[in-house]
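Quick note: the coordinates plus some simple rules give every number you see, no bench work behind them. Since the structure is predicted, the reported quantities are computational estimates derived from the model, not experimental observations. Positions of Cβ are backbone-derived with ideal geometry, glycine not excepted, and every protein chain shown enters the neighbour counts.
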Amino acid sequence: MEKSSRPPIVTIHGSADEGAVAAALELADLVEAKPDAVLGLATGGTMVGVYAAFVREARARSLDVSRVRTFNLDEYLGLAVDDAKRFRHFMELHLFGPLSIPSEHAHFPDAERAQTDAVGAARDYESAIEAAGGIDLQLLGIGRNGHIAFNEPGSSPDSRTRVIELHGATRADAAPSFGGLAGTPERAITMGMGTILEARALRVLAFGEAKAPVVERMLHGEEDPETPCTFLRGRHGDLAVHLDRDAARLLH
Ligand code: PGA
């Protein structure tokens, strides 16, 4: 179903913490209103404060999260199941553990299966999202190269869940946590841009000066497959962007 697009609501917060709290409060409001909400979740440094604030808020409101279902955007290929750099571990640490979200409610694309059956793993993830009734609210960070999830430069707006070769800039940004480029994964499985654009609400967060150029392109640039975040602005009816002053530095 085509959605009519509406200009994004852009909020420039006084700090990254304030931006994270704003996103977390919206998540908490959603779960309060709809206890079986389907949340699309993201990993990365930007999300740490969002999940910390959501955990605080959920506890303060005694929110029932036992019926929430979650779908994460992506997962690296080639890491051991117990590798601490798996995105599932990030989510366990920052969100699922603290709120005791049952692991059977927390979905990730199947990175093991994707190594030998990329098409099947991708198809089943799409089917699982559909069977859950679609994603109510999707959190998104942005890579410095403009990626959304692991939709790297060259991704089409219609792309679906698939295995992708990671871009050099993505691997370089991740390298410090893998002890250098040589140990950094080369592939991942990611929701596609088309998959993401089907979520009923999109919430993009970007903090810090390093994101300023790509934020400017996302909000003012032409659509460009080399910068996949440019596909968000004109193709969704409910897009909000939370920035801090540094990330908003180049906006006019
Ligand atoms: P970051 O990553 O939150 O660690 O900056 C964002 C992204 O690459 O999507």
Report summary line: Applying the gyration tensor rule to the Cα atoms of the range 56-179 (axes a ≥ b ≥ c; rounded if a/c under 1.5, else prolate if a/b exceeds b/c, else oblate), the class is prolate
Requested in this report: DSSP loop (so not H, G, I, E, B), at most 16 other Cβ within 10 Å: list which GluC sites (Glu not before Pro) in the range 199-252 pass both filters.
Outcome: E222, E223, E226
Query raised in the report: Placing +1 at every Lys and Arg Cβ and -1 at every Asp and Glu Cβ, with all other atoms neutral, what dipole size does the chain have around its Cα centre, in debye to the nearest 20?
Result: 300 debye
Requested in this report: State log₁₀ I(q)/I(0) for the range 118-252 at q = 0.16, 0.19 Å⁻¹ as given by the Debye formula over alpha-carbon point scatterers of equal weight, solvent excluded.
Outcome: -0.84, -1.14
**Report entry** Relative contact order %, the chain, counting alpha carbon pairs below 8 Å whose residues are six or more apart
**Finding:** 27 percent
Query raised in the report: Quick one: putting +1 on the C-beta of Lys and Arg, -1 on the C-beta of Asp and Glu, what dipole do you get for the range 114-252 around its Cα centre, in Debye to the nearest 20?
Result: 240 debye
Query raised in the report: Gain in length, E104 to E223, computed as 0.36 nm per residue apart minus the alpha-carbon separation, to one decimal in nm?
Result: 39.1 nm
Requested in this report: Starting from the Cα-Cα distance between A182 and D83, subtract it from 0.36 nm times their residue separation and give me the gain in nm to one decimal.
Outcome: 34.0 nm
Query raised in the report: How big is the gap, in Å, between the Cα center of the range 209-252 and the Cα center of the range 124-175?
Result: 16 Å
Requested in this report: Please report, to one decimal in angstroms, the Kirkwood hydrodynamic radius of the chain built from all distinct Cα-Cα pairs.
Outcome: 18.1 Å
